[in-house]
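A short write-up of the structure that comes next.
Quick note: the coordinates plus some simple rules give every number you see, no bench work behind them. None of the values given here were measured: they were computed from a predicted structure. Every residue, glycine as well, gets a Cβ built from its backbone with ideal geometry; the counts of neighbours run over all protein chains shown.
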There are 2 protein chains.
Amino acid sequence: MPVRMQDVAQRAGVSVKTVSNVVNGYPHVRESTRRRVEEAIDHLGYRMNVSARNLRTRRTGMITLNVPELSLPYFAELADSVIRAADEQGWSVLIEQTGAERQRELEVLAGRRRHLTDGVLFSPLALGQDDLDHFDVDFPLVVLGERVFGARADHVTMNNVEAARAATAHLITTGRRRIAVVGAHAGEVIGSAALRLAGYERALADAGIPFDPALVGEAGLWHRATGAETMGRLLDSGTGIDAVFALNDAMALGALHALHERRIDIPGDIALIGFDDVDDVRYTVPTISSVDPGRDEIARTAVDLLVARIGGTTEPIRRIVPDARVVGRESTGDVRGDGERVVAVMPGRVEDTDVSPLPAG
Amino acid sequence: MPVRMQDVAQRAGVSVKTVSNVVNGYPHVRESTRRRVEEAIDHLGYRMNVSARNLRTRRTGMITLNVPELSLPYFAELADSVIRAADEQGWSVLIEQTGAERQRELEVLAGRRRHLTDGVLFSPLALGQDDLDHFDVDFPLVVLGERVFGARADHVTMNNVEAARAATAHLITTGRRRIAVVGAHAGEVIGSAALRLAGYERALADAGIPFDPALVGEAGLWHRATGAETMGRLLDSGTGIDAVFALNDAMALGALHALHERRIDIPGDIALIGFDDVDDVRYTVPTISSVDPGRDEIARTAVDLLVARIGGTTEPIRRIVPDARVVGRESTGDVRGDGERVVAVMPGRVEDTDVSPLPAG
DNA sequence: GATATACTCTACATCGTTGTAGAAGTACGT
DNA sequence: ACGTACTTCTACAACGATGTAGAGTATATC
């Protein structure tokens, strides 16, 4: 029933292979032949059977993006950027959600479902440094995020420590001394929480401000709800606070909510800064300052790396950190009304390791 | 290099087809044989070549979801729900963004890229009723949204008119009389904007309140930014306003921003209600009342319909409208603090048409 | 004018799986 | 003992494209 190359070939009076050549833009096809084939294709409404081509070429032209949840704005925006970047190079993106569940994240690496695509962009949230070995996979993989360092795969990550330091430093510059943190993870050594907290501590040290554990609020999941709860706890604890560094924007939104509930003036009484620079923060009241980790560049870089690996490059594994910026808005008093001001730029870097990738099987 | 069924068969001492049978859970395989095959699979690390299976079975197990942009919270959450619903049934989801560009939306229907998947869930935003003919496609298609009615494809849509009527009625119940609309599209007859505006007008009529064009604010794109602009214009126009119905939540967020800027008390001076019930509205200050159109059910229903069409069902085309609810929060004074109250429920419906689907080619 | 080179096209095998048809073995009722 | 039905397995031919090798012309080079 479906039209095959065979049918097109017949109508055009050429061999199947010639049709294939026309379809794939092979240059050595006589103009008149090309036209006849194209006429036949149009007339018969031929469309390539991609499964057959995939089988023959061992390529699918698709990559998988594994994220925790698209309903988290950061990942939705990341997915948006990844799809755009992939599309520009002619790749399609299959999206899978792990729900930040350990089991599902392990399944990603086990590769049971990988077969549909040529490679995987993976943003883990449940796995940690202890799971490093699981990242030795035999398919093209690029890791995103801060859960795991040193895996045998290209890695696109953020300038966490520096950016968090700069964000905190910015609060200090505006005269704040009692800076609370929302979203710490006790005992974590690696991971966004630990790294950003480290940046915070470094900024305090730089300014000679003593570190006060009472100002550090824990939050398991980095959602709006937990941000609000944590902020509430900090405020109700009676600790004096004149600024808040929420370790991501979702929590910053929640924190803002908690601050508003208590009729606290922002930035008058308490300044607030987040991390991720998601769209939301430009429309809150007041608008929220944040750290822009370079989402578009992260996406583009990750896609480029993955496509190169799929292409079979054997270059050493790289870790890439895009430029990041601290964007000042109303919540830190940098602007009044809409608009924003870049108050710091952290240059990115490319680290070439001497580790070779595992041969893709 | 890669392990084939052939290799597994050899090691297990059976035919390739038996390996296939084991892998696919065919029941008539002796227990001892099954174990031998499984041992061979594990030992060799065999993984099915899905391209080959796709070629043979003419199925890919994937569907495409076409949305305007994932960075719009509604579509991100919709995608989340679709992926979950599909996953439950063992399907994977490829996501493509059209950017709400007419050309790209037409390409979706032209099916140039459809070949990768077994069917398409399509949420158009640029196409309109005039493009109805383009929806006569020869592949399984389910349409989402309100841009087009009467296409020859299953359609999952919202209870727009009724829900908008109920939302407006709710504002009226709380004593409001000067209810502004944010997001109208002049001249539109079909489409979310027109339908929701119709519901608004109907509620006014029901309550005997005259319709005042000065209260209707136009907004092209339904983004936060346009919501803020439109709200600003309405406020600055000097028209007396005691409530606002934003035709979607993104604009409600923008409107909230504009209201705050002008130090207007919500819901004291002006009440606000949105539409979509995205996660954001539970974390703003005040929390925003909204219309929950049944996102999960929309996603689930759409996936079910599409899977049925892919399965070759020839049942008449259906239009399905899930239940919708008006959710009252702080911005309409229904609750204080967090929490919410369902203030109205609009039952959904299933419309069986007598139109047959086009034979899938 | 002979040889080399490039262009244009074809025939055929092949990618790795599943559907079909049927062979061999087992179980059971009569 | 025999037919019938079921179970278990196999051989072989697809599915629809592309890679390879090479045939036949046309064009360039010496």
Among B:A110, B:W91, B:F122, which residue has its Cα furthest toward the positive end of the charge dipole of the range B:79-122, with +1 on Lys/Arg Cβ and -1 on Asp/Glu Cβ?
B:A110
Under the convention of a label 7 Å out along Cα→Cβ, give the distances in nm from B:A198 to the same position in every other copy, shortest first.
6.0
Which trypsin sites (Lys or Arg not before Pro) in the range B:1-98 pass both tests, a DSSP loop state and at most 16 other beta-carbon atoms within 10 Å?
B:R4, B:R30, B:R58, B:R59
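With the Cα gyration tensor of the range B:1-56 giving a ≥ b ≥ c as the square roots of its eigenvalues, does the rule (a/c under 1.5 for rounded; else a/b larger than b/c for prolate; else oblate) give rounded, prolate or oblate?
Verdict is oblate for the range B:1-56.
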Shape of the range B:200-242 from its Cα gyration tensor (a ≥ b ≥ c, root eigenvalues): rounded if a/c is under 1.5, otherwise prolate when a/b > b/c, or oblate?
oblate
Tell me, which longest segment in chain A has none of the chymotrypsin sites (Phe, Trp or Tyr not before Pro) that fall in DSSP loops with at most 16 further Cβ atoms within 10 Å?
A:212-361
Sum of -39500 (n - 2.57) over DSSP H runs of 4+, divided by residues of chain A (222 nm, nearest 500):
-11500 deg cm²/dmol
Which Cβ of chain B lies nearest the axis of the rotation superposing B onto A, and at what whole-Å distance?
B:A76, 2
Distances in nm, one decimal, shortest first, from B:G238 to the same residue in every other copy, taking the label point 7 angstrom along Cα→Cβ.
5.4
Using a Förster distance of 56 Å, how high is the FRET efficiency between A:F211 and B:A126, based on the Cβ-Cβ distance and rounded to 0.05?
0.55
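Using only atoms on other chains, find how many Cβ atoms lie within 10 Å of each Cβ of peptide B:108-115 and report the average.
That works out to 2 on average.
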Value of relative contact order over the range B:5-48, rounded to a whole percent, pairs C-alpha under 8 Å and six or more apart
45
Rounded, prolate or oblate: which fits the protein assembly as shown when a ≥ b ≥ c are the square roots of the eigenvalues of the alpha-carbon gyration tensor, with rounded for a/c under 1.5 and prolate only if a/b beats b/c?
oblate
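Kindly work out what percent of the DSSP beta bridges joining two residues of chain A are antiparallel, to the nearest 5.
Just about 30 percent of them are antiparallel.
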As a percent rounded to 5, the proportion of antiparallel DSSP bridges among beta bridges in the protein assembly as shown is 30
If I take every Cα pair under 8 Å that is 6 or more residues apart in the range B:148-281, average their sequence separation and divide by the length, what percent do I get for the relative contact order?
25
Given label points at 7 Å from Cα along Cα→Cβ, what nm distances, shortest first, separate B:D138 from the same residue in every other copy?
4.1
What is the magnitude of the charge dipole of the range B:88-174 about its Cα centre, with +1 placed on the Cβ of each Lys and Arg, -1 on the Cβ of each Asp and Glu, and no other charges, expressed in debye to the nearest 20?
160
For peptide B:70-81, what's the mean number of Cβ atoms from other chains within 10 Å of each residue's Cβ?
6
Could you tell me the relative contact order of chain B? Use alpha-carbon pairs under 8 Å, at least six residues apart, and round to a whole percent.
15
If each part is reduced to its alpha-carbon centroid, the range A:68-138 and the range A:169-222 end up apart, in Å, by 29
If each K or R counts +1 and each D or E counts -1, the residues other than B:V161 whose Cβ falls under 11 Å of its Cβ total 0
Dipole check, chain A, charges on Cβ (K,R +1; D,E -1), about Cα centroid: among A:G268, A:P2, A:F211 the Cα furthest to the positive pole belongs to A:P2
